[in-house]
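Everything below concerns the one structure shown next.
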Amino acid sequence: MIAGAQTRSGASNSTQPAVQLTDVTKTYDGTVAVDGLGFTVERAQVLALLGPNGAGKTTTVEMCEGFVAPESGSVRVLGLDPITQSAQLRPRIGVMLQGGGAYPGSKAGEMLKLVASYSNDPLDPDWLLDCLGLTQATKTPYRRLSGGQQQRLALACAIVGRPELVFLDEPTAGLDAQARLLVWELVDALRRDGVSVLLTTHLMDEAEQLADELVIIDNGKIVASGTASELTKQGAEGRLRFSAPAGLELSLLDAALPAGYHPVEESAGSYAIEGVIEPSILVTVTSWCAEQNVLATELQVDQRRLEDVFLELTGRELRK
Ligand SMILES: Nc1ncnc2c1ncn2[C@@H]1O[C@H](COP(=O)(O)OP(=O)(O)OP(=O)(O)O)[C@@H](O)[C@H]1O
Ligand SMILES: [Mg+2]
């Protein structure tokens, strides 16, 4: 397990948000990569930027890291300007770049120790290598590591200096299921220790699993934001279905349900109620069944998934 005493909260001494973007725009040779983007990552929060290829996720993260200058708008990271105040900011943030960024000839363990040596109070590199399943690869040169090992080493480098805020650009891209789980556990441990995380992903289950707040972007603009459950509820028409003997009298059920919910017998013995299916709706239906001495079978609630929301908003598919 990664969860443990080794990471620490560096966030408690400040009231500034971890990241604050206001009306940020970036254009590359006429291509608008980021278009009036604004969001806030609170302290000790994990925020996932979710979007299809080319949506502007990496550009946004690079502006936060101080690698790319915004054309207009304001970027504040731990209250600082990531470009003009990068010297102050650098020791306080951890950066995991999309596709690595490494010293190709050096050995995995040496590389992590080198990065750790830049910090006043680093995590124990050997402990971190162990957490990320890299102990066997300690003496392997970076370029000989498998893609997944390189990815995990990049993550280790991002957090070894005990940053207050970590940027993870597609941290689990190309990882197998087991390695992905390790990374998820690590992100969870960081959050519990008060570290703020801005991560990007294409993976809906990852965003749902890890993030307190999701920001869905497309063409450099926010198309929706909120918690996973807020997003799947927004304007969502759900559906409750059940099977029971045909020809039941539904007027009492109709009266018991809130306004706008109407039970219908769609085909003989097959009943449905459309609307946002809150837990209380289920209670009403099952109480009515009990009063009627009717056993409802195949009771099923169909809910919108994050994937449906995403498709509605962007017309594009996310990778699963
Ligand atoms: N250095 C650059 N020069 C020119 N265009 C760029 C540059 N960096 C990004 N772009 C363009 O900006 C847009 C956003 O790219 P970005 O890399 O931010 O997207 P992304 O959401 O990270 O995509 P992916 O999911 O593929 O990583 C794309 O159209 C891309 O081609
Ligand atoms: Mg990217």
Which residue, Pro91, Pro258, Pro141, has the most motion in a Gaussian network model of the chain that connects Cα atoms within less than 10 Å? Pro258
How many percent of the accessible area of the chain is carbon or sulfur, using a 1.4 Å probe? 48 percent
At each listed q (0.14, 0.18, 0.19 Å⁻¹), what is the log10 of I(q)/I(0) that the Debye formula gives for the stretch 152-274 modelled as equal alpha-carbon point scatterers? -0.73, -0.94, -1.02
At q = 0.14 Å⁻¹, base-10 log of I(q)/I(0) for the stretch 211-291 (Debye sum, equal scatterers on each alpha carbon): -0.58
Treat the chain as a sphere of radius equal to its Kirkwood radius over Cα pairs and apply Stokes-Einstein at 4 °C in a medium of 1.567 mPa s; give the translational diffusion coefficient in µm²/s, rounded to a whole number. 59 µm²/s
Between Arg192 and Thr140, what is the label-to-label distance in nm when each label sits 7 Å out along the Cα-to-Cβ direction? 2.8 nm
Looking at the stretch 131-223, which trypsin sites (Lys or Arg not before Pro) are in a loop (DSSP not H, G, I, E or B) and have at most 10 other Cβ atoms within 10 Å? Lys139
How far is helix 147-159 tilted off the main Cα axis of the chain, in degrees rounded to 10, range 0 to 90? 80 degrees
How far is helix 108-117 tilted, in degrees, relative to the longest principal axis of the Cα atoms in the chain, given as a value from 0 to 90 rounded to the nearest 10? 80 degrees
In the chain, lysine pairs closer than 27 Å at Cα, eight or more apart or cross-chain: 10
Candidates Gln16, Gln300, Gln209; GNM for the chain (alpha-carbon contacts under 10 Å) flags as most fluctuating Gln300
List the relative contact order of the stretch 106-241 as a percent without decimals, with contacts defined as Cα pairs under 8 Å and 6+ residues apart. 18 percent
What accessible area per residue, rounded to a whole number of Å², is obtained for the chain using a probe radius of 1.4 Å? 47 Å²
Quick one: in the stretch 29-186, what % of C-alpha pairs are over 23 Å apart? 40 percent
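The values are calculated or read from the model by the stated rules, or taken from the named source; none is laboratory data. What you see is a predicted model; the values in this text were computed from it and never measured. We place every Cβ from the backbone using ideal geometry, glycine too, and count neighbours over all the protein chains shown. Areas reflect the complete protein model, heavy atoms only, side chains present, ligands, DNA and RNA absent. Shrake-Rupley method; radii C 1.70, N 1.55, O 1.52, S 1.80 Å.
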